[in-house]
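S.K.: Dropping a structure here in structure tokens format, bear with me for questions.
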Amino acid sequence: MIKEIVTYPNKILRTKSKDVEKFDSELHTLLDDMYDTMIAKDGVGLAAIQISVPLNVLLICIPDENNIQTPDNLLEAINPKITHKDDALIVYTEGCLSVPEFHEDIKRAQNVTVEYFDRNGQKHNMEAQDFLAVVWQHEMDHLEGHLFIEKLSLLKRKKFEKEWKKKLKEEKNKR
């Protein structure tokens with residue numbers, strides 16, 4: 001089922017998510033709903049907090065070479081932890097379903113190692129590079145109550161806030 005995505009500045013996005021303790025049908029339903037929502041909204045990643053569920057759950061689905069997202073490429077990560085970040089950095093233009101229509105260059109680690117559990121409670125380790133590493137870090141930030149806009153320089157952040165408030169005011173006036 002497609003869920004509503006919470007958008008900035010909703011305070012729930014600042015919530016630190018809690019670990020999943022039960023790997024049950026309720027978790028499976030959450031994962032399925034998150035997948036439906038992410039695909040419907042053209043996202044490559046989604047954290048549970050973005051649909052108002054404060055649990056350490058995220059999805060990543062990188063499109064294939066034909067720019068198609070398939071369940072074969074889906075990563076479901078429960079209670080993920082980044083266990084290693086390289087010093088090498090990459091700059092990537094990021095966007096976010098919770099900050100729609102805004103994109104900005106963000107600097108992150110180029111390589112990360114992640115430990116997580118799948119929907120059945122099996123532990124996995126993964127090394128990720130480049131775009132996949134960026135998506136992991138972006139989604140993990142959500143679980144900690146952070147958004148990518150916090151990584152902007154002070155000047156860019158002030159400009160963003162001013163434009164965002166103007167956009168919200170315009171949207172409100174349309175209703």
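S.K.: If you check Leu147, Leu143, Leu59, Leu97, which single one turns out to be in contact with a Cys (Cβ under 7 Å, 6 or more places away or on another chain), under 28 Å from Asp33 (Cα atoms) and not β-branched (Val, Ile, Thr)?
M.R.: Leu147 is the lone residue from the list that is in contact with a Cys (Cβ under 7 Å, 6 or more places away or on another chain), under 28 Å from Asp33 (Cα atoms) and not β-branched (Val, Ile, Thr).
S.K.: For the structure I just gave you, tell me whether Leu75 is farther than 28 Å from Lys158 by Cα, among the hydrophobic types (A, V, I, L, M, F, W, C) and either touching a Gly at 6+ places or on another chain (Cβ under 8 Å) or surrounded by fewer than 20 Cβ atoms within 10 Å (Cβ to Cβ) (or both).
M.R.: no
S.K.: Go through Asn120, Asn173 for me and flag whichever is open to solvent by 60 Å² or more (accessible area, probe 1.4 Å), outside any strand (DSSP E or B) and touching a residue at least 40 places away in the same chain (Cβ under 8 Å). Step through it out loud before you land on a result.
M.R.: Values: Asn173 fails: touching a residue at least 40 places away in the same chain (Cβ under 8 Å).
Being open to solvent by 60 Å² or more (accessible area, probe 1.4 Å), outside any strand (DSSP E or B) and touching a residue at least 40 places away in the same chain (Cβ under 8 Å) holds for just one of Asn120, Asn173, which is Asn120.
S.K.: Could you check region 143-170 and list, in sequence order, the residues that are within 17 Å of Ile12 (Cβ to Cβ), open to solvent by 40 Å² or more (accessible area, probe 1.4 Å) and not in a helix (DSSP H, G or I)?
M.R.: Once the filter is applied, which keeps residues that are within 17 Å of Ile12 (Cβ to Cβ), open to solvent by 40 Å² or more (accessible area, probe 1.4 Å) and not in a helix (DSSP H, G or I), region 143-170 yields Glu144, His146.
S.K.: Could you list all residues from region 77-135 that are of a type in the set (Lys, Arg) and closer than 25 Å to Tyr8 by Cα?
M.R.: Answer for region 77-135, where residues must be of a type in the set (Lys, Arg) and closer than 25 Å to Tyr8 by Cα: Lys81, Lys107, Arg108.
S.K.: Among the residues of region 42-72, what is the count of those that are open to solvent by 60 Å² or more (accessible area, probe 1.4 Å) and at negative phi?
M.R.: Counting residues in region 42-72 that are open to solvent by 60 Å² or more (accessible area, probe 1.4 Å) and at negative phi gives 5.
S.K.: Before we move on, is Ile49 closer than 15 Å to Met140 by Cα and touching a Leu at 6+ places or on another chain (Cβ under 7 Å)?
M.R.: Numbers: closer than 15 Å to Met140 by Cα: yes; touching a Leu at 6+ places or on another chain (Cβ under 7 Å): yes.
Criteria met by Ile49.
S.K.: Search region 1-22 for residues being open to solvent by less than 70 Å² (accessible area, probe 1.4 Å) and out of contact with any Ser or Thr (no Cβ under 8 Å at 6 or more places or on another chain), and hand back the single one that is farthest from Val57 (Cα to Cα).
M.R.: Among those that are open to solvent by less than 70 Å² (accessible area, probe 1.4 Å) and out of contact with any Ser or Thr (no Cβ under 8 Å at 6 or more places or on another chain), it is Thr15.
S.K.: Against the condition of a type outside the set (D, E, K, R) and modelled with pLDDT under 95, how does Pro80 come out, does it pass?
M.R.: No, not satisfied.
S.K.: For Leu31, indicate whether it is modelled with pLDDT of 95 or more, within 16 Å of Phe131 (Cα to Cα) and surrounded by 14 or more Cβ atoms within 10 Å (Cβ to Cβ).
M.R.: So Leu31 fails the test.
S.K.: Out of Val99, Val112, Val134, I need the residue that is open to solvent by less than 30 Å² (accessible area, probe 1.4 Å), more than 14 Å from the chain's Cα centre (by Cα) and at pLDDT 95 or above. Which one?
M.R.: So the residue among Val99, Val112, Val134 that is open to solvent by less than 30 Å² (accessible area, probe 1.4 Å), more than 14 Å from the chain's Cα centre (by Cα) and at pLDDT 95 or above is Val112.
The values are calculated or read from the model by the stated rules, or taken from the named source; none is laboratory data. Just so we're clear, the structure is a prediction, and the values are computed from it rather than from any experiment. Here the Cβ is made from the backbone with ideal geometry for all residues, glycine too, and neighbour counts use every protein chain on show. Keep in mind that these areas ignore ligands, DNA and RNA; they rest on the heavy atoms of the full protein, side chains included. Shrake-Rupley method; radii C 1.70, N 1.55, O 1.52, S 1.80 Å.
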